[in-house]
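This report concerns only the one structure given below.
Read-outs: derived from the displayed coordinates by stated rules, not from any lab. Keep in mind the model is a prediction, meaning the values are calculated, not measured. Positions of Cβ are generated from backbone atoms using ideal geometry, with glycine treated the same way; all protein chains shown enter the neighbour counts.
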Amino acid sequence: MAIRLDGKQLAAELEARLRSCIAARLPTVGRAPGLAVLRVGDDPASGVYVANKEKACARVGITSLGSHLPAETSPAAVLAAIRDLNADPACDGILLQLPLPAGLEEGPLLAAIDPDKDADGLHTLNLGRLLKGEPGPRSCTPAGVMALLARHGVELSGRRAVVVGRSILVGQPMALMLQAADATVSVAHSRTADLASLTRSADVLVVAAGRPRLIGAAHVKAGAVVVDVGIHRTETGLCGDVRQEEVDPLAAAISPVPGGVGPMTVTMLLVNTVVAWCNRHGLAHGLDDLIP
Ligand code: NAD
């Protein structure tokens with residue numbers, strides 16, 4: 001049986017750390033950190049995600065400044081809402097919840113977010129900072145994976161890592177972070193020939209393909225560490241991109257779905273917000289180990 005990479009447990013530990021980080025600095029700063037989750041339209045899954053993020057903010061002492069705009073809001077009005085948040089001194093982090101309703105192009109809106117308030121770490125400038133190893137808000141899901149690996153003492157230096165998926169949201173920043181930690185990284189995608197022979201070479205395998213139960217026993221080397229980023233709602237419940245029941249007996253460690261990467265993604269959003277709040281007030285944050 002593989003060790004569980006328990007994201008729910010680690011998220012709770014990190015929330016406690018963030019809570020005390022905020023509490024210690026609050027008298028100096030005079031206001032709590034603020035995170036604005038901007039939602040446009042009524043995508044039902046987004047409603048649940050936004051509510052989870054706001055609850056997590058409340059648990060650590062971050063003020064939620066979000067607003068919910070109607071689906072028919074014009075691009076200019078969404079842009080104006082983003083510019084208002086950029087200028088708002090009480091706002092340290094901004095997140096534009098995706099997907100947007102038809103008719104709103106996400107590219108120009110994401111680009112309008114002040115890079116230093118980019119709680120999702122997906123602004124072009126911040127992806128560039130990651131590429132160059134400069135500090136900045138990091139993409140939440142891969143940063144959460146790095147924290148999970150670090151917490152369980154998974155050695156990365158000199159080891160072979162394979163990332164399945166090359167999205168800007170997960171796969172690409174994941175590969176950069178593993179490389180920055182001195183792993184030797186390969187990235188697989190939908191056109192990769194013989195996926196199983198590549199993934200079997202991995203000491204650390206991160207799967208973010210968005211394909212339910214893609215990866216089975218034949219894809220995994222005995223003793224590998226497997227991180228399952230996928231999350232899918234099926235008739236029989238939630239599943240990931242990994243056939244957990246097949247891989248669990250041969251892996252050294254595996255992240256469960258749910259309770260693995262998912263909770264870590266939300267926690268890293270809070271980390272980015274608290275770091276931005278400290279930076280804006282010239283205070284040390286002591287969270288460098290969480291910025292891969
Ligand atoms: P995406 O669809 O944007 O990208 C998927 C990537 O996987 C693509 O690069 C594609 O080339 C590759 N791919 C698809 N099929 C493949 C195959 N058969 N073999 C090899 N590569 C293949 O998805 P994404 O946004 O990167 O998300 C990936 C998964 O992670 C989804 O299931 C998503 O729901 C999940 N996710 C979870 C969290 C979380 O917090 N747990 C956060 C973000 C995404």
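For GLN172, what charge total do you get from the other residues with a beta carbon under 13 Å from its beta carbon, if Lys and Arg give +1 and Asp and Glu give -1?
+2
Can you tell me the FRET efficiency between THR28 and THR234 if r is taken as the Cβ-Cβ distance and R0 is 45 Å, rounded to the nearest 0.05?
0.40
Could you line up ILE62, ILE168 from fewest to most neighbouring Cβ atoms inside 10 Å?
With the fewest neighbours first, ILE62, ILE168 line up as ILE168, ILE62.
Please arrange ASP248, ASP288 by counting, for each residue, the other beta carbons lying within 10 Å of its beta carbon, fewest first.
Fewest-to-most ranking of ASP248, ASP288: ASP288, ASP248.
Nearest 500 deg cm²/dmol is fine: what mean residue ellipticity at 222 nm does the chain get from its DSSP H runs of n ≥ 4 alone, each adding -39,500 (n - 2.57), divided by its residue count?
Here the helix-only value at 222 nm equals -13000 deg cm²/dmol.
Between region 7-66 and region 243-276, what is the separation of their alpha carbon centroids in Å?
About 18 Å separates the Cα centre of region 7-66 from the one of region 243-276.
Would you please classify the overall shape of region 30-120 from the alpha carbon gyration tensor, given that a ≥ b ≥ c denote the square roots of the eigenvalues, rounded means a/c under 1.5, and beyond that prolate means a/b larger than b/c while oblate covers the rest?
Taking the square roots of the gyration eigenvalues as a ≥ b ≥ c, region 30-120 is oblate.
Cα gyration tensor of region 216-292, axes a ≥ b ≥ c as square roots of the eigenvalues: rounded (a/c below 1.5), prolate (a/b > b/c) or oblate?
Taking the square roots of the gyration eigenvalues as a ≥ b ≥ c, region 216-292 is oblate.
With +1 assigned to the C-beta of every Lys and Arg and -1 to the C-beta of every Asp and Glu, and no other charges, what is the dipole magnitude of region 140-262 about the Cα centre in debye, to the nearest 20?
240
Does anything in region 117-141 have its amide N under 13 Å from the 7 Å Cα→Cβ label point of ASP288, and if so which residues?
What the label zone holds, given the 13 Å backbone N cut-off, is 135-136.
Scattering from the C-alpha atoms of region 140-262 alone, worked out with Debye: what is log10 I(q)/I(0) at q = 0.23 1/Å?
-1.52
Work out the length of the dipole vector of region 30-120 about its Cα centre, built from +1 on the beta-carbon of each Lys and Arg and -1 on the beta-carbon of each Asp and Glu, and round it to the nearest 20 debye.
380
What number comes out for the charge environment of ASP289, summing +1 per Lys or Arg and -1 per Asp or Glu over other residues with Cβ under 15 Å away?
Every neighbour counted, the sum reads +1.
Can you pull out the GluC sites (Glu not before Pro) in region 224-253 whose DSSP state is coil and whose Cβ has at most 10 other Cβ atoms within 10 Å?
In loop regions of region 224-253 (DSSP not H, G, I, E or B), the sparsely surrounded GluC sites (Glu not before Pro) are GLU235.
Please order HIS123, HIS152 by the number of other Cβ within 10 Å, starting at the fewest.
If I rank by nearby Cβ atoms, fewest first, I get HIS152, HIS123.
What does the extension gain come out to for ASN86 and SER201, with contour length at 0.36 nm per residue minus their alpha carbon separation?
36.9 nm
Note down the net charge around ILE3, summing +1 for each Lys or Arg and -1 for each Asp or Glu among other residues with Cβ under 13 Å from its Cβ.
Within the 13 Å Cβ shell, the charges total 0.
For region 161-214, which trypsin sites (Lys or Arg not before Pro) are both in a DSSP coil and crowded by at most 12 other Cβ atoms within 10 Å?
Sparse-neighbourhood loop trypsin sites (Lys or Arg not before Pro): ARG191.
As an exercise, identify the trypsin sites (Lys or Arg not before Pro) in region 12-59 lying in DSSP coil whose Cβ has no more than 15 other Cβ atoms within 10 Å.
Within region 12-59, the qualifying trypsin sites (Lys or Arg not before Pro) (loop, at most 15 other Cβ atoms within 10 Å) are ARG31.
Once label points are set 7 Å from the Cα along Cα→Cβ at both ALA222 and LYS8, what is their separation, rounded to one decimal in nm?
Taking the two extended label points, one gets 3.1 nm.
Report the Cα centroid-to-centroid distance between region 90-165 and region 204-242 in angstrom, as an integer.
21
In debye, nearest 20: dipole of the chain around its Cα centre with unit charges on the Cβ of K, R (+) and D, E (-)?
420
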